[in-house]
Amino acid sequence: MGHENLIHQNLLLILALFFAMAILYVLSQRFRISYPIFLVIGGLGISLIPGVRPISIDPDLIFLIFLPPLLFEAAWYTSWNDFWKWKRSIFSLGFGLVIMTSLAVAFFSVNIIPGFTFALGCLLGGIVSPPDAVAATSVLKGLKMPRRGLVILEGESLVNDAASLTVLRFAIAAILTSQFVFRVAATNFMILSVMGILLG
């Protein structure tokens with residue numbers, strides 16, 4: 001009932017946003033630039049317009065309805081023979097790069113933002129470090145690049161969530177309890193990775 005009221009109250013705004021999305025998509029095709037880039041720029045531009053009411057969407061709704069089919073499409077067009085061929089590069093980037101990026105973001109956040117703790121920095125790093133599988137596939141689709149690089153980037157974007165979720169989970173635990181146990185973090189990381197593969 002709450003979602004229906006929200007839609008009725010903001011129907012004009014929702015239609016205007018859909019129209020803006022269509023225009024941005026047409027422009028991206030005209031200039032031969034990947035449409036997610038145009039959508040991000042358009043979203044930033046719309047957020048700067050004064051008087052536009054903020055719209056909040058339940059994250060569970062996104063995870064349940066929109067994200068699964070998008071990830072399924074990204075995984076469907078992945079060549080699993082090539083994925084296995086370059087698995088070492090894919091997993092080293094998917095896990096190692098995410099963890100190193102999270103630590104780098106945490107280090108710079110502590111030194112740049114006053115009052116920022118290392119645990120908060122790791123939380124921020126866990127949020128921004130993993131590239132999105134759907135965005136990576138969409139952006140790379142129109143580019144001419146070597147097959148190996150394409151497969152590695154697409155494969156890495158599909159497996160990096162295990163590392164980012166582990167960083168997020170233990171950053172939150174460190175913030176709430178002021179404790180971090182590496183052995184428990186490593187064990188949960190392995191369980192999350194293996195179970196994610198099996199469920200997938």
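The values are calculated or read from the model by the stated rules, or taken from the named source; none is laboratory data. Remember, it's a predicted structure, so these values are computed and weren't measured experimentally. Using ideal geometry, Cβ is built from the backbone for each residue, glycine included, and neighbour counts are taken over all protein chains shown.
Across the range 180-189, not a single residue is classified as closer than 29 Å to VAL40 by Cβ and either at pLDDT 75 or above or out of contact with any Ser or Thr (no Cβ under 6 Å at 6 or more places or on another chain) (or both).
Contact map, the range 69-86: residues that are closer than 14 Å to ILE152 by Cβ paired with residues that are surrounded by 16 or more Cβ atoms within 10 Å (Cβ to Cβ) and among the acidic types (Asp, Glu), Cβ distance under 8 Å, separation 6+ or inter-chain. Pairs shown: THR78/GLU154.
In the set (1) modelled with pLDDT under 75; (2) under 20 Å from the mean Cα position of the chain (by Cα), the condition left unmet by THR166 is number (1).
Wholly within the range 50-131, which helices (runs of 4 or more DSSP H) include no fewer than the required count, namely at least 2 residues that are over 26 Å from LEU150 (Cβ atoms) and more than 18 Å from the chain's Cα centre (by Cα)? Outline the logic, then answer.
Values: elements: 67-76, 80-85, 87-91, 98-112, 118-128.
Correct list: 98-112, 118-128.
Among the residues making up the range 100-115, those that are of a type outside the set (Ser, Thr, Tyr) and modelled with pLDDT of 85 or more are MET100, LEU103, ALA104, VAL105, ALA106, PHE107, PHE108, VAL110, ASN111, ILE112, ILE113, PRO114.
Annotation note: Cβ proximity below 7 Å between a residue of the range 26-54 that is exposed (fewer than 12 other Cβ atoms within 10 Å of the Cβ) and a residue that is not in a helix (DSSP H, G or I) and not polar (S, T, N, Q) (sequence gap 6+ or interchain) occurs for ARG32/GLY142.
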